[in-house]
1. Among residues belonging to the stretch 382-416 that are in a loop (DSSP other than H, G, I, E, B) and at positive phi, point out the one that is surrounded by the most Cβ atoms within 10 Å (Cβ to Cβ).
2. Can you go through Ala575, Ala485, Ala590 and tell me which one is assigned to a helix (DSSP H, G or I), under 19 Å from Ser450 (Cβ atoms) and out of contact with any Phe, Trp or Tyr (no Cβ under 6 Å at 6 or more places or on another chain)?
3. Looking at the stretch 446-460, I want the residues that are hydrophobic (A, V, I, L, M, F, W, C) and have a partner that is part of a loop (DSSP other than H, G, I, E, B) and open to solvent by less than 40 Å² (accessible area, probe 1.4 Å) with Cβ atoms under 6 Å, at least 6 apart or on another chain. Which pairs are those?
4. Restricting attention to the stretch 296-309, does a residue exist that is under 18 Å from Val402 (Cβ atoms) and either open to solvent by 60 Å² or more (accessible area, probe 1.4 Å) or of a type outside the set (Ser, Thr, Tyr) (or both)?
5. Is one or more of the residues making up the stretch 630-639 in contact with a Lys or Arg (Cβ under 6 Å, 6 or more places away or on another chain), crowded, with 19+ Cβ neighbours inside 10 Å and either free of Cβ contacts under 8 Å to residues at least 12 places away in the same chain or not small (Gly, Ala, Ser) (or both)?
6. Quick test for you: out of Thr161, Thr152, Thr112, Thr145, pick the one residue that is β-branched (Val, Ile, Thr), surrounded by 15 or more Cβ atoms within 10 Å (Cβ to Cβ) and out of contact with any Phe, Trp or Tyr (no Cβ under 6 Å at 6 or more places or on another chain).
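The values are calculated or read from the model by the stated rules, or taken from the named source; none is laboratory data. Note that this is a predicted model, so its numbers are computed, not measured. In this analysis, Cβ positions are derived from the backbone assuming ideal geometry, glycine residues included, and neighbour counts consider all displayed protein chains. Heavy atoms of the whole protein, side chains included, go into the accessibility calculation; ligands, DNA and RNA do not. Shrake-Rupley method; radii C 1.70, N 1.55, O 1.52, S 1.80 Å.
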Amino acid sequence: MKQILISIMILSGILCGCKDIPAITDSDQVRNISISILNTVADMNSATVSIHALGADLDDYESWGITYSETEDLADGTDVRANGKPSDGKTDIRIEGLEAETTYYIRAWAETKDDERIWALSHSSVTTKIKENYVKLSGNIIGSTYSVDYSTGQQSLEVNTKSNVFDGNFETFFASYDRSGTWVGLDLGSKHVIRQIGYSPRVGQEHRVQLAVIEGANEPDFSDALPIFMIKNGASSRQMHYGYVNCSKGFRYVRYVSPNDVRCNLAELEFYGFEGEGDDSQMYQVTNLPTVVINTENAEEIVSKEEELSSNVYIISKNGTDILATSETGVRGRGNASWLYFPKKPYRLKFKSKQSPLGAPASAKKWTLLSNYSDKTLMRNILAFEVSRCVGQKFTPFCHPVDLIVNGEYKGCYQLCDQVEAAAGRVPAKDGYLIEIDSYAYQEDLMFTSWSGTPVTIKHPDEEDITWEQRSFIENFFNKMESAALANNFTDENVGYRKYLDLESFLRNFIIGEFCGNPDMLWSVYMYKDASDGKLYTGPTWDHDLSFDNDYTSHPINSLNNYVFCTKGRAASDAIRRVTERIVKQDPEARKLLVEIWEKTYHERGLKNLIQYADETAQLIHESQELNFKRWPVLDEKVHMNFQALGSYQAEVQYMRNVIAERLVEFDRIVRQ
């Protein structure tokens with residue numbers, strides 16, 4: 001049997017710095033096919049593996065299967081084939097005869113009619129259930145105080161109370177008075193390791209258990225709560241449904257946290273397990289992506305961009321075997337339009353001490369959680385950061401898709417990122433300056449307006465540390481740069497703009513913004529100066545949720561016959577638009593260098609493989625995006641600047657793939673004309 005390895009993504013892999021997706025090569029053995037394990041479900045002696053495949057070469061493969069083993073070396077593993085060829089690229093494979101309490105490693109593959117087998121480059125894993133009999137647990141009933149009396153619409157302590165979920169009667173239920181932020185559970189009296197949960201929705205409200213989170217804690221206020229299970233779909237009423245809990249930690253307090261806006265509406269709840277401290281060797285992850293858990297003090301809602309809430313923050317990764325646990329972490333909102341107008345809010349974290357979550361290159365206190373609400377592919381920022389790496393910018397923000405839970409409520413698929421700041425491992429200007437050409441600068445205290453009317457925010461040094469001399473220096477330096485770029489002799493080597501501005505970083509940043517078709521490329525521009533005698537560098541790139549043709553004001557970007565910035569793009573000032581146009585269109589040296597950087601980016605640094613990178617990223621976040629759009633059902637709606645709503649995640653990704661394919665050709669033409 002011929003065997004080749006190709007770039008096939010298994011969803012249990014991680015995306016570290018958006019760079020741990022398998023590398024793409026130009027080998028003629030690489031096929032246009034992407035295969036993923038969407039889900040693995042195990043009981044005591046068997047497991048079901050769900051496989052999904054897509055790509056232009058999909059029809060070349062006649063059979064599908066998996067190989068499993070108790071070790072990561074699958075050389076002597078057991079093959080199991082699917083029954084027939086899946087017509088839609090999806091199939092389930094059943095594995096029988098497994099040992100209880102055992103971890104199995106699984107790798108997917110596909111075969112052609114010539115027995116040419118295509119292996120995935122990484123494996124998934126699943127652990128079968130334990131042998132012991134579960135004990136149904138009891139304790140004192142705890143939960144939200146008031147129920148609702150539907151006959152009056154008023155608070156009640158008499159009807160529809162939380163005790164109903166433990167009465168064994170499917171016809172009674174708990175309906176909380178508040179629509180969101182409510183819960184019901186048990187105080188078990190001592191720590192117990194939970195192995196199984198049971199639940200049944202209220203009759204007639206079967207969908208309201210979808211996205212409910214089951215948590216365990218050892219503090220009565222659940223400030224140290226961790227998820228142990230999520231109910232990912234609705235369920236039929238008048239019967240119990242059971243879920244296996246893969247968490248080794250012992251908890252005294254356990255609870256069911258209501259999904260948003262459904263008032264619990266739960267008929268029955270059960271917990272099974274055994275008394276014991278347990279350990280931290282295995283935690284629950286919502287999907288294959290890392291899970292970020294935020295528990296604010298007193299479960300207070302995050303409503304401000306200025307005031308931080310002290311919180312316990314946990315980051316669970318590596319299939320639940322690794323946990324970063326922090327206390328006194330400040331959490332607040334962040335962003336401009338995304339904070340003001342989007343229901344799915346972005347956040348900023350400030351750890352008490354420096355951390356490097358998920359293997360990030362930087363060790364820092366401040367990190368961001370991007371919501372990507374208006375980007376229905378959930379990956380436009382991820383792809384733009386990959387473009388930045390291909391271009392060769394000195395600093396590209398670290399990013400990693402995650403699932404987010406705040407105070408027990410599932411918030412969706414987010415992106416954990418570097419905070420843009422001057423610091424070690426981040427913007428290389430710790431001893432210099434970080435500024436932002438910023439259309440929102442007028443809302444900031446530390447800002448200036450240039451002689452030509454460009455609003456600029458000073459990010460570093462910050463308001464507490466900056467001196468008057470430093471403020472005057474960076475303001476004057478920016479003014480000299482901008483004025484030189486607008487002068488008649490702007491290309492002069494001695495007095496022109498290159499005396500103040502690093503041309504290469506400016507052009508690299510330009511390629512990122514224009515190739516991605518970002519209409520806000522000149523609306524917000526980061527620049528930094530590493531020392532008082534250095535030049536002004538451009539970058540890092542940021543804020544690409546409208547890129548790749550996701551904005552009705554610039555659509556269609558591939559039919560503009562020109563750069564986006566000088567046709568449909570927005571700019572913080574007319575001056576910065578003119579500066580950009582003069583450099584990239586009127587300076588012969590800059591134009592020549594622009595073509596050189598672009599050619600190297602395309603041919604030597606892998607940009608031409610961006611579509612493959614997008615496919616693999618889509619596979620990576622597949623399970624998370626399904627949950628995200630259950631929480632935020634906007635696939636049929638135009639939100640923010642969308643010009644279309646295609647109705648499915650797959651259609652949104654496919655449209656973006658087409659845009660990228662066209663952009664690779666069109667941008668090359670524009671750069672050279």
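1. Across the stretch 382-416, the extreme among qualifying residues is Gly408.
2. Ala575
3. Within 6 Å, the pairs are Ile458/Leu446.
4. Step one: filter the stretch 296-309 for residues under 18 Å from Val402 (Cβ atoms), giving 296, 302.
Narrowing the set further to residues that are either open to solvent by 60 Å² or more (accessible area, probe 1.4 Å) or of a type outside the set (Ser, Thr, Tyr) (or both) leaves 302.
Yes; the residues of the stretch 296-309 include at least one that is under 18 Å from Val402 (Cβ atoms) and either open to solvent by 60 Å² or more (accessible area, probe 1.4 Å) or of a type outside the set (Ser, Thr, Tyr) (or both).
5. yes
6. Numbers: Thr152 fails: surrounded by 15 or more Cβ atoms within 10 Å (Cβ to Cβ); Thr112 fails: out of contact with any Phe, Trp or Tyr (no Cβ under 6 Å at 6 or more places or on another chain); Thr145 fails: surrounded by 15 or more Cβ atoms within 10 Å (Cβ to Cβ).
Residue meeting the stated conditions: Thr161.
One line per residue, one yes/no per condition, for (1) open to solvent by 40 Å² or more (accessible area, probe 1.4 Å); (2) under 19 Å from Met656 (Cβ atoms); (3) at pLDDT below 95:
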| position | (1), (2), (3) |
| --- | --- |
| Asp545 | no, yes, no |
| Ala572 | no, no, no |
| Val579 | no, no, no |
| Val584 | no, no, no |
| Glu589 | yes, no, no |
| Asn628 | no, yes, no |
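Each row is one residue, and each column tells you yes or no for (1) among the hydroxyl-bearing types (Ser, Thr, Tyr); (2) without any contact (Cβ under 8 Å) to a residue 60 or more places away in the chain.
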| residue | (1), (2) |
| --- | --- |
| Phe342 | no, no |
| Leu349 | no, yes |
| Ser353 | yes, yes |
| Leu358 | no, no |
| Pro361 | no, no |
| Thr377 | yes, no |
| Ile382 | no, no |
